[in-house]
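Colleague: I'd like to ask some things about the structure below.
The values are calculated or read from the model by the stated rules, or taken from the named source; none is laboratory data. For clarity, every value in this text was computed on a predicted model and none was experimentally measured. Methodologically, a virtual Cβ is constructed for each residue, glycine included, from the backbone with ideal geometry; neighbour enumeration extends over all protein chains shown. Just so you know, the surface numbers come from the protein's heavy atoms only, side chains and all, with ligands and any DNA or RNA stripped out. Shrake-Rupley method; radii C 1.70, N 1.55, O 1.52, S 1.80 Å.
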Amino acid sequence: MIIELRSARELGSACDDDDLVMWAAQGLTGAGRAWALGDAVVAGSPLISRRDRLAVWGGADCAAALLRHALGELGPAYRPLGEAELMSEVTARLDGVRERGRFSWMSLPAAPAPIPASVLGEAVGWVEAEAEVAALLAAAAPHSYAVPGAAGVSRWAGVRVDGRLAAVAADAWSAPTVGLLAGVATDAAFRGRGLAERVCQWVSRELVAAYGRAALMVDDVNAVAIGVYERIGYRRRPVMAAHVTP
(Lines give C-alpha, C1' and ligand atoms only; values in the text may rest on other atoms or scores of the structure.)
Protein backbone atom coordinates (compact mmCIF):
# COMPACT_ATOMS: atom_id res chain seq x y z
CA MET A 1 0.00 0.00 0.00
CA ILE A 2 1.29 3.45 -0.94
CA ILE A 3 1.57 5.78 2.04
CA GLU A 4 1.95 9.54 1.74
CA LEU A 5 4.55 10.80 4.21
CA ARG A 6 3.51 13.95 6.04
CA SER A 7 6.60 15.06 7.93
CA ALA A 8 10.35 15.28 7.51
CA ARG A 9 10.73 12.90 10.44
CA GLU A 10 8.57 10.27 8.73
CA LEU A 11 10.50 10.75 5.52
CA GLY A 12 13.90 10.47 7.19
CA SER A 13 12.88 7.25 8.88
CA ALA A 14 11.56 5.77 5.62
CA CYS A 15 14.66 6.58 3.52
CA ASP A 16 17.40 6.15 6.14
CA ASP A 17 17.86 9.93 6.08
CA ASP A 18 19.25 9.81 2.55
CA ASP A 19 20.51 13.29 1.78
CA LEU A 20 19.35 13.39 -1.85
CA VAL A 21 15.80 12.42 -0.84
CA MET A 22 15.78 14.83 2.10
CA TRP A 23 17.01 17.64 -0.14
CA ALA A 24 14.41 16.95 -2.84
CA ALA A 25 11.59 16.99 -0.27
CA GLN A 26 12.65 20.44 1.01
CA GLY A 27 11.37 19.57 4.48
CA LEU A 28 7.92 18.71 3.05
CA THR A 29 7.03 22.36 3.43
CA GLY A 30 5.20 24.31 0.76
CA ALA A 31 4.57 22.07 -2.23
CA GLY A 32 6.96 19.27 -1.22
CA ARG A 33 5.46 15.77 -1.18
CA ALA A 34 6.69 12.24 -0.47
CA TRP A 35 5.41 8.68 -0.59
CA ALA A 36 6.60 5.26 0.60
CA LEU A 37 5.86 1.76 -0.69
CA GLY A 38 7.61 -1.32 0.62
CA ASP A 39 11.35 -0.63 0.51
CA ALA A 40 11.07 2.49 -1.68
CA VAL A 41 10.54 6.22 -1.25
CA VAL A 42 9.88 8.99 -3.77
CA ALA A 43 9.99 12.63 -2.67
CA GLY A 44 10.09 15.91 -4.52
CA SER A 45 9.40 19.60 -4.77
CA PRO A 46 8.84 22.11 -7.57
CA LEU A 47 11.49 24.51 -8.83
CA ILE A 48 14.55 23.27 -6.96
CA SER A 49 17.73 23.83 -8.94
CA ARG A 50 15.51 25.17 -11.74
CA ARG A 51 13.47 21.97 -12.14
CA ASP A 52 10.48 20.19 -10.63
CA ARG A 53 12.36 17.22 -9.17
CA LEU A 54 11.55 13.82 -7.69
CA ALA A 55 14.21 11.82 -5.84
CA VAL A 56 13.83 8.03 -6.10
CA TRP A 57 15.24 5.66 -3.44
CA GLY A 58 15.03 1.97 -2.56
CA GLY A 59 14.33 -1.25 -4.44
CA ALA A 60 13.58 -1.02 -8.14
CA ASP A 61 10.22 -2.84 -8.19
CA CYS A 62 8.60 -0.73 -5.48
CA ALA A 63 10.38 2.41 -6.68
CA ALA A 64 8.95 2.01 -10.19
CA ALA A 65 5.40 1.58 -8.89
CA LEU A 66 5.84 4.51 -6.54
CA LEU A 67 7.28 6.77 -9.23
CA ARG A 68 4.32 5.97 -11.49
CA HIS A 69 2.01 7.03 -8.67
CA ALA A 70 3.97 10.22 -7.90
CA LEU A 71 4.00 11.31 -11.54
CA GLY A 72 0.26 10.70 -11.67
CA GLU A 73 -0.17 12.96 -8.64
CA LEU A 74 2.25 15.70 -9.66
CA GLY A 75 2.27 15.62 -13.44
CA PRO A 76 4.80 14.86 -16.19
CA ALA A 77 6.87 18.02 -15.72
CA TYR A 78 8.65 16.45 -12.75
CA ARG A 79 12.16 15.10 -13.38
CA PRO A 80 12.93 11.87 -11.48
CA LEU A 81 16.51 11.35 -10.30
CA GLY A 82 18.34 8.86 -8.16
CA GLU A 83 21.39 6.61 -8.05
CA ALA A 84 22.27 5.63 -11.61
CA GLU A 85 21.95 1.87 -11.17
CA LEU A 86 18.53 2.18 -9.54
CA MET A 87 17.23 4.63 -12.14
CA SER A 88 18.38 2.37 -14.98
CA GLU A 89 16.23 -0.39 -13.51
CA VAL A 90 13.29 1.91 -12.80
CA THR A 91 13.18 3.45 -16.29
CA ALA A 92 13.31 -0.03 -17.82
CA ARG A 93 10.08 -0.83 -15.95
CA LEU A 94 8.14 2.31 -16.90
CA ASP A 95 6.82 3.15 -20.35
CA GLY A 96 7.32 6.77 -21.23
CA VAL A 97 10.05 7.47 -18.64
CA ARG A 98 13.47 7.74 -20.21
CA GLU A 99 16.99 8.72 -19.24
CA ARG A 100 17.68 12.44 -19.51
CA GLY A 101 21.27 12.66 -18.34
CA ARG A 102 23.87 11.58 -15.81
CA PHE A 103 25.90 13.55 -13.31
CA SER A 104 27.11 13.18 -9.73
CA TRP A 105 25.56 14.05 -6.40
CA MET A 106 28.23 14.81 -3.82
CA SER A 107 27.66 14.84 -0.07
CA LEU A 108 29.54 16.38 2.84
CA PRO A 109 28.37 15.01 6.21
CA ALA A 110 30.75 17.07 8.35
CA ALA A 111 32.46 20.44 8.11
CA PRO A 112 35.84 20.48 6.35
CA ALA A 113 38.95 21.39 8.27
CA PRO A 114 39.72 25.12 8.46
CA ILE A 115 42.08 26.52 5.86
CA PRO A 116 45.44 27.26 7.53
CA ALA A 117 45.87 30.95 8.19
CA SER A 118 49.21 30.87 6.37
CA VAL A 119 47.46 30.23 3.03
CA LEU A 120 44.28 32.23 3.51
CA GLY A 121 45.30 35.39 1.66
CA GLU A 122 42.24 37.51 0.93
CA ALA A 123 39.33 36.68 3.23
CA VAL A 124 36.22 34.88 2.00
CA GLY A 125 32.85 36.27 3.11
CA TRP A 126 29.23 36.82 2.17
CA VAL A 127 28.79 39.23 -0.74
CA GLU A 128 26.09 41.90 -0.68
CA ALA A 129 26.81 43.38 -4.13
CA GLU A 130 24.84 40.92 -6.24
CA ALA A 131 25.39 42.96 -9.39
CA GLU A 132 29.07 42.07 -9.16
CA VAL A 133 28.18 38.40 -8.73
CA ALA A 134 25.88 38.54 -11.75
CA ALA A 135 28.59 40.13 -13.88
CA LEU A 136 31.15 37.50 -12.87
CA LEU A 137 28.73 34.67 -13.62
CA ALA A 138 27.73 36.15 -16.99
CA ALA A 139 31.37 36.13 -18.06
CA ALA A 140 32.71 33.01 -16.35
CA ALA A 141 29.70 30.67 -15.94
CA PRO A 142 26.86 31.83 -18.20
CA HIS A 143 25.00 28.52 -17.87
CA SER A 144 24.94 28.49 -14.06
CA TYR A 145 21.56 27.48 -12.64
CA ALA A 146 22.17 29.67 -9.60
CA VAL A 147 22.09 33.40 -10.33
CA PRO A 148 21.38 36.38 -8.08
CA GLY A 149 17.68 36.98 -7.59
CA ALA A 150 16.56 33.51 -8.72
CA ALA A 151 13.94 31.87 -6.50
CA GLY A 152 15.61 29.62 -3.94
CA VAL A 153 19.07 31.20 -4.24
CA SER A 154 19.66 32.47 -0.72
CA ARG A 155 23.09 34.11 -0.49
CA TRP A 156 26.45 34.43 -2.18
CA ALA A 157 29.99 34.20 -0.86
CA GLY A 158 33.10 35.41 -2.60
CA VAL A 159 36.75 36.31 -2.39
CA ARG A 160 38.32 39.50 -3.73
CA VAL A 161 41.77 40.12 -5.16
CA ASP A 162 42.87 43.76 -4.99
CA GLY A 163 39.24 44.72 -4.44
CA ARG A 164 37.92 42.83 -7.48
CA LEU A 165 35.49 39.94 -6.99
CA ALA A 166 37.47 36.90 -8.14
CA ALA A 167 35.48 33.78 -7.19
CA VAL A 168 31.97 33.06 -5.90
CA ALA A 169 29.67 30.28 -4.71
CA ALA A 170 26.07 30.22 -3.46
CA ASP A 171 23.85 28.74 -0.81
CA ALA A 172 20.95 27.79 -3.08
CA TRP A 173 17.82 25.63 -2.85
CA SER A 174 18.92 24.36 0.55
CA ALA A 175 16.57 22.12 2.53
CA PRO A 176 16.16 22.28 6.31
CA THR A 177 18.67 19.44 6.80
CA VAL A 178 20.77 19.66 3.60
CA GLY A 179 22.54 22.79 2.40
CA LEU A 180 23.24 22.96 -1.33
CA LEU A 181 26.41 24.48 -2.79
CA ALA A 182 25.85 25.94 -6.26
CA GLY A 183 26.89 28.74 -8.60
CA VAL A 184 30.65 28.17 -8.29
CA ALA A 185 32.64 30.38 -10.64
CA THR A 186 36.03 32.08 -10.94
CA ASP A 187 36.91 35.13 -12.99
CA ALA A 188 39.13 33.95 -15.87
CA ALA A 189 41.85 36.40 -14.82
CA PHE A 190 42.26 34.65 -11.48
CA ARG A 191 42.02 30.98 -12.36
CA GLY A 192 44.70 28.59 -11.19
CA ARG A 193 45.13 30.18 -7.76
CA GLY A 194 42.82 27.87 -5.81
CA LEU A 195 40.33 30.66 -5.13
CA ALA A 196 37.23 28.62 -5.99
CA GLU A 197 38.40 25.86 -3.66
CA ARG A 198 38.78 28.37 -0.82
CA VAL A 199 35.31 29.79 -1.44
CA CYS A 200 33.76 26.32 -1.68
CA GLN A 201 35.45 25.18 1.50
CA TRP A 202 34.27 28.28 3.36
CA VAL A 203 30.70 28.01 2.08
CA SER A 204 30.66 24.29 2.84
CA ARG A 205 31.54 24.99 6.46
CA GLU A 206 28.74 27.55 6.62
CA LEU A 207 26.25 25.09 5.09
CA VAL A 208 27.12 22.32 7.53
CA ALA A 209 26.84 24.77 10.42
CA ALA A 210 23.43 25.99 9.23
CA TYR A 211 21.83 22.78 7.94
CA GLY A 212 23.83 19.88 9.41
CA ARG A 213 25.36 18.71 6.12
CA ALA A 214 26.08 19.93 2.60
CA ALA A 215 25.69 18.60 -0.93
CA LEU A 216 26.12 19.64 -4.54
CA MET A 217 25.56 18.48 -8.12
CA VAL A 218 28.39 18.34 -10.65
CA ASP A 219 28.78 17.19 -14.27
CA ASP A 220 30.82 14.00 -14.51
CA VAL A 221 33.02 15.52 -17.23
CA ASN A 222 34.15 18.28 -14.87
CA ALA A 223 37.11 16.39 -13.41
CA VAL A 224 38.77 19.53 -12.06
CA ALA A 225 35.71 20.53 -10.01
CA ILE A 226 35.21 16.97 -8.76
CA GLY A 227 38.82 16.93 -7.56
CA VAL A 228 38.27 20.20 -5.69
CA TYR A 229 35.15 18.89 -3.98
CA GLU A 230 36.81 15.60 -3.05
CA ARG A 231 39.72 17.46 -1.45
CA ILE A 232 37.22 19.40 0.64
CA GLY A 233 35.70 16.10 1.77
CA TYR A 234 32.66 15.58 -0.46
CA ARG A 235 31.75 11.98 -1.32
CA ARG A 236 30.52 11.24 -4.82
CA ARG A 237 27.77 8.98 -6.14
CA PRO A 238 26.64 8.64 -9.77
CA VAL A 239 23.11 9.85 -10.46
CA MET A 240 20.76 9.52 -13.41
CA ALA A 241 17.96 11.98 -14.18
CA ALA A 242 14.96 10.93 -16.23
CA HIS A 243 12.02 12.64 -17.88
CA VAL A 244 8.56 11.77 -19.08
CA THR A 245 8.39 11.48 -22.86
CA PRO A 246 5.30 12.51 -24.85
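Colleague: Roughly what would the spin-label model give for A188 and A92, points 7 Å off Cα along C-beta, in nm?
Modeller: The modelled label-to-label distance comes out at 4.5 nm.
Colleague: Sticking with this structure for a sec: Distance in nm between label sites at A210 and R155, each 7 Å beyond Cα in the beta-carbon direction?
Modeller: So the two model labels end up 0.5 nm from each other.
Colleague: Related question: From the backbone phi of segment 102-112, what are the Karplus-calculated ³J(HN,Hα) couplings (6.51 cos²θ - 1.76 cosθ + 1.60, θ = phi - 60°) in whole Hz, Gly and Pro given as x?
Modeller: Going residue by residue, I get 10, 7, 10, 9, 10, 10, 10, x, 9, 5, x Hz, with x marking Gly and Pro.
Colleague: For R236 and I3, calculate 0.36 nm times their separation in residues minus their Cα-Cα distance, and state this gained length in nm to one decimal.
Modeller: 80.9 nm
Colleague: The chain: D in µm²/s via Stokes-Einstein (Kirkwood Rh, Cα pairs, 37 °C, 0.692 mPa s)?
Modeller: 177 µm²/s
Colleague: Using only Cα atoms, locate the centre of segment 176-225 and the centre of segment 22-38, then give the distance between them in Å, rounded to an integer.
Modeller: 25 Å
Colleague: Let me ask something additional. Check R53: other-chain or 5+ apart residues with amide H under 5 Å from its amide H, H built from backbone geometry?
Modeller: Here S45, L47, I48, R79 satisfy the definition.
Colleague: Can I ask one more? Counting only protein heavy atoms and a 1.4 Å probe, tell me what percentage of the chain's accessible area is made up of carbon and sulfur.
Modeller: So the carbon and sulfur contribution to the accessible surface is 52 percent.
Colleague: Something else: On a full-extension model of 0.36 nm per residue, what is the gain between A134 and T177, subtracting their alpha-carbon distance, rounded to one decimal in nm?
Modeller: 12.7 nm
Colleague: Read phi for every residue in segment 215-230 and hand back ³J(HN,Hα) as whole Hz from Karplus 6.51 cos²θ - 1.76 cosθ + 1.60, θ = phi - 60°, with x for Gly and Pro.
Modeller: So the Karplus estimates, Gly and Pro as x, are 8, 7, 10, 9, 5, 5, 6, 8, 4, 5, 5, 4, x, 4, 5, 5 Hz.
Colleague: Here's a follow-up. Give the long-range amide H neighbours of L5: residues separated by 5 or more places, or on another chain, with amide H under 5 Å away, using H modelled in the peptide plane at 1.01 Å from N.
Modeller: A34, W35, A36
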